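The values are calculated or read from the model by the stated rules, or taken from the named source; none is laboratory data. Please read these numbers as outputs of a predicted model, since none were measured by experiment. Just so you know, the surface numbers come from the protein's heavy atoms only, side chains and all, with ligands and any DNA or RNA stripped out. Shrake-Rupley method; radii C 1.70, N 1.55, O 1.52, S 1.80 Å.
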Amino acid sequence: MTVRLAAPVFAAGFAGTLLLAPTAGLAAGAFDSLAGYWAGSGRVQMSDGTAERIRCRASYAVGGGGRLMQQKLTCASASYKFDISSNVEESGGRISGTWSEATRNVTGNVSGTARGGGISAQVSGPGFSASLSVATRGASQSVTIVPQGNDVRQISVSMKRR
């Protein structure tokens, strides 16, 4: 795996995903249930069949009636570490926003939809994209990211509220 290429793709996809976690319903505000601190772990599956464990911590500041969110995310595996900041907005079930990864000086956009108990979104940045899905149930959150055009095949993470 080329860590230079895979890490920004993973970072962007994961950041976009965690920021977009849904609540039980959109009426109260799409991001209300995320305020606070979350932590967990998961697996990064590579195209060559290898896998690696990843650990993550996130904090969410929610405002604007639950429709605006600022997120800070730190994740680390045996091969790399990254720190991401993101800003996301929800309006009428549509989500949009931006992210930046400080150690690699990379930025990108997030867009998608929030329906019922789930999120479907696309994360993009210079030279890559990733599709993602998120499900939040109470104090548990599961995230799946599928990057396109790089060495990472899929990222799966489970997080718990702290």
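For region 32-161, the equivalent ellipsoid built from the Cα gyration tensor has semi-axes of 23, 17, 15 Å, listed from largest to smallest.
Note that region 28-38 has calculated 3J(HN,Hα) couplings of 7, x, 4, 10, 3, 6, 9, 3, x, 10, 9 Hz, one per residue in order, obtained from phi through the Karplus relation 6.51 cos²θ - 1.76 cosθ + 1.60 (θ = phi - 60°); glycine and proline are x. Here the contact order of region 95-161, divided by its residue count and restricted to Cα pairs under 8 Å and six or more residues apart, works out to 19 percent. Protein heavy-atom accessible surface, 1.4 Å probe, per residue over region 32-161: 48 Å². Surface composition of region 32-161: carbon plus sulfur atoms hold 47% of the accessible area, using a 1.4 angstrom probe and ignoring ligands, DNA and RNA. Taking all protein chains together and rolling a 1.4 Å probe, Lys160 ends up with roughly 100 Å² accessible.
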